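**Student:** Can you read through this structure? Questions will come right after.
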Amino acid sequence: MDGVNATRMDLIAAWRLLNRSQELAAQAKDKHAKTKSLKETLEQERELLGLNSKSVENQHSACKQQDNINIKLSELIGKLKSLQGGSASQTSESSTQGAIAYYRKETEIVISYRELPHVEGLVVRNKHLAETDRYAFEFIDGATFRIVDKWSGKSTTIWGDPHVDTSDQEGSYNGEFSDLKSSNTHTTLALEDGTQVTFTAKDNGVIEAVDIYKKSQHLVGFGLAYADLTQANRLFADKVDELTNSSDRIPLGDVVYAGGDGNDWFDSAGQMVWGKTTSKPVVTRPYSVLEVNVTQTEENVFISSSIDQKG
């Protein structure tokens, strides 16, 4: 509110805020303190601001319709003193608490369209990315690995020591490797296209290596805890190998199976271990994918200020 060009309605709203703040301060000191009735408040406004009751009531109604009123309380106090004919002779001191609150909600909608080009077998794109026709494998850093079901858009991220984060559940911690009890060193995620992703990682450690198998194809990636640090900096190897002997495979260890809507994980008995089915399973290959992501942000703001008045 501009202290020089303030409208009469602004002054009424500001005075009411100040008046209510003073009542709250009085009640904080004495819970039995008496508060003014609406009629008494309107009468005091009429006397203070030189308005008749009808105009005050009309402007009171108009004030109610405003969503936000921003008030500079220091200028308000000076304006009230001038309206009261000045009070330089007064010697009382009081502390006034002012408060302004508002609510804001924002919605962001991002729409993306992508085609799904056919991928033959297991392919490595660079040290961070490999893929099959259905899945993308992202070695984000030495301790973070993501499997994306390209058909459904759902993903599972393995991170930390190691934790499991499924994209359609709240938070980034939806399980951990230690939930599985058969092995403390190896965990395999068996995918719906026959691909197997085996992690070498202690249940309370970080990723040492990731081995991806697609039929006879094999791709290795090196994690942060790999013994040879020069290899660990490489993440995915430069090329996919062909296995001639199945005994060359890394032990499977604990095994969970992909299902549900793309990032739900089940044990051999069909019991869900990690995940939450939030949409229908995708059972046929799409040629393209249209994604709509909606993000909502809500904000409640409460501003409180304290001003000392000195007469």
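The values are calculated or read from the model by the stated rules, or taken from the named source; none is laboratory data. The structure presented is a predicted model; accordingly, all values stated were derived computationally and were not measured. When we count neighbours, we look across all protein chains shown, and the Cβ atoms used for this are built from the backbone with ideal geometry, even at glycine.
**Student:** So how many residues does region 181-190 have that are assigned to a loop (DSSP other than H, G, I, E, B) and buried (at least 20 other Cβ atoms within 10 Å of the Cβ)?
**Tutor:** 0
**Student:** Check Phe236 against each of (1) modelled with pLDDT of 80 or more; (2) within 25 Å of the chain's Cα centre (by Cα) and name the one condition it does not meet.
**Tutor:** All conditions pass for Phe236, except number (2).
**Student:** For region 237-275, give me each residue that is under 30 Å from Glu108 (Cα atoms) and either touching a strand residue (DSSP E or B) at 6+ places or on another chain (Cβ under 7 Å) or among the hydroxyl-bearing types (Ser, Thr, Tyr) (or both).
**Tutor:** Residues satisfying the conditions are Gly262, Asn263, Asp264, Trp274, Gly275.
**Student:** Any residue in region 143-164 that is of a type in the set (S, T, N, Q), in contact (Cβ under 8 Å) with a residue 12 or more places away in the chain, surrounded by 20 or more Cβ atoms within 10 Å (Cβ to Cβ) and farther than 28 Å from Lys280 by Cα?
**Tutor:** No: zero hits.
**Student:** Would you pick out the residues in region 148-202 that are among the aromatic types (Phe, Trp, Tyr) and out of contact with any His (no Cβ under 6 Å at 6 or more places or on another chain)?
**Tutor:** Passing the criteria: Trp151, Trp159, Phe177, Phe199.
**Student:** Among the numbered criteria (1) touching a Lys or Arg at 6+ places or on another chain (Cβ under 9 Å); (2) under 21 Å from Val220 (Cβ atoms), which one does Ala190 miss?
**Tutor:** Among (1) touching a Lys or Arg at 6+ places or on another chain (Cβ under 9 Å); (2) under 21 Å from Val220 (Cβ atoms), Ala190 violates only (1).
**Student:** Name every residue in region 146-173 that is of a type in the set (S, T, N, Q) and either at pLDDT 95 or above or within 16 Å of Asp267 (Cα to Cα) (or both), in order of residue number.
**Tutor:** Passing the criteria: Ser155, Thr156, Thr157, Thr166.
**Student:** I'd like to check something: does region 107-122 contain any residue that is crowded, with 17+ Cβ neighbours inside 10 Å and modelled with pLDDT of 95 or more?
**Tutor:** Taking every residue of region 107-122 in turn, at least one turns out to be crowded, with 17+ Cβ neighbours inside 10 Å and modelled with pLDDT of 95 or more.
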